[in-house]
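Novice: The structure is given below, and queries will be raised subsequently.
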Amino acid sequence: MKNKPLLYGAFLLLFLAACTRTEPEISYAVMRVVYLQENGVVKERFSFFVLANDEDGVENLDELYLYHEREGLRWHLSERDWIALQQDGKTWLGSRSIAMIDEEPLPRGLYRAVLINKAGEEAVRNVSFDPPAQPRFPFPSLSVADGNYVIDSKYPANYFLGYNEEGNYVQTIRTTALRGAIADLKFNSNVKSAALWAEDQLYSTSALTDARPVN
């Protein structure tokens, strides 16, 4: 009976440890200007992604907010809305469709990202957004014919974004060759079409072409 308080104390510590909740984490946040090609017309859009982590798993994350407090602006992404990208074993959450009403330019300056998990715990990180008013490079192009592709891009980095038959994102492949065989890209078997994602990391700008059939 003398050991009863010790046993109770040990049980209580184990119980508290099991119930300890961990806050989510934003390791990095980035915003970019994205030039989109829609039916041959180039439009300006904005992307916002955070490098997210939660000790209970990414599936425990629930909501993502972006604020520009000086202008009183707010964007809200839920698990149903955001894109989850896997890179080097890490998860990026965000959207390539951040926009203003009437397609006005997004205000430059300091933004605040807030990530919330299902327990209501938050992670906060500031992100600066100050891209050039005009793109540094012409809009790129992607041609696909007879099992080969040709890229016309002045951007420093170029990627293929693969989509399945329903048009959902499946895979990203970086390419250093501006022309070559589609088969050499090693697309996932579910990929039926692909678009070119051209990126200028130094100036936080990107361009996304229309998708082309690849399979």
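Novice: Using amide H atoms built in the peptide plane, which far-off residues or other-chain residues are under 5 Å from residue 210 H to H?
Specialist: The answer is 37.
Novice: Hey, got the dipole for the range 141-213? About the Cα centre, +1 on K and R Cβ, -1 on D and E Cβ, debye to the nearest 20? Intermediate results must be reported in sequence, preceding the final value.
Specialist: Details: 6 positive and 8 negative charges, 32 e Å.
Result for the range 141-213 is approximately 160 debye, rounded to the nearest 20.
Novice: Take the alpha carbon gyration tensor of the range 69-132, find the square roots of its eigenvalues, order them as a ≥ b ≥ c, and report rounded if a/c is under 1.5; if not, report prolate when a/b exceeds b/c, else oblate.
Specialist: Working: a/c = 1.67, a/b = 1.47, b/c = 1.14.
In terms of gyration-tensor shape, prolate.
Novice: Can you put 209, 172, 91 in order, fewest other beta carbons within 10 Å first?
Specialist: So the residues, fewest neighbours to most, are 172, 91, 209.
Novice: Please report, largest first and rounded to whole Å, the three semi-axes of the ellipsoid equivalent to the chain, where each semi-axis is the square root of five times an eigenvalue of the C-alpha gyration tensor. Before the final figure, lay out the partial values.
Specialist: Details: eigenvalues 334, 109, 36 Å².
Ellipsoid half-lengths, sorted descending, are 41, 23, 13 Å.
Novice: Can you give the FRET efficiency to the nearest 0.05 for residue 25 and residue 108, using r as the Cβ-Cβ distance and R₀ = 35 Å? Don't skip to the end; give the middle numbers.
Specialist: Working: r = 27 Å, r/R0 = 0.76.
So the FRET efficiency works out to roughly 0.85.
Novice: If each of residue 79 and residue 119 carries a label point 7 Å out from its Cα toward its Cβ, how far apart are those two points in nm?
Specialist: The answer from the label model is 1.6 nm.
Novice: Suppose R0 equals 41 Å. What FRET efficiency, 1/(1 + (r/R0)^6) with r the Cβ-Cβ distance, do residue 65 and residue 190 give to the nearest 0.05?
Specialist: It comes to 0.80.
Novice: Strictly over 29 Å apart at the Cα level, which of 43/118; 118/186; 43/154 would you flag in this model? If you can, show how the numbers build up before the last one.
Specialist: On the way: 43/118 35 Å; 118/186 37 Å; 43/154 18 Å.
Listed pairs above 29 Å: 43/118; 118/186.
Novice: What's the angle, to the nearest 10 degrees (0 to 90), between helix 4-19's Cα axis and the longest principal axis of the chain?
Specialist: That works out to roughly 20 degrees.
Novice: Please list, by residue number, everything in the range 179-215 whose backbone N is under 17 Å from a paramagnetic label point 7 Å out along Cα→Cβ of residue 42.
Specialist: 196-201, 203-211
Novice: What is the projected area of the convex hull of the Cα atoms of the range 25-129, averaged over all directions, in nm²?
Specialist: On the way: hull surface 29.2 nm².
With the hull built on Cα positions only, its mean projection is 7.3 nm².
Any read-out appearing in this document is the output of simple, stated calculations on the displayed coordinates, not a laboratory observation. Fair warning: this is a prediction, and the values are worked out from it, not measured in the lab. Neighbour counts run over all protein chains shown; Cβ positions are idealised from the backbone, glycine included.
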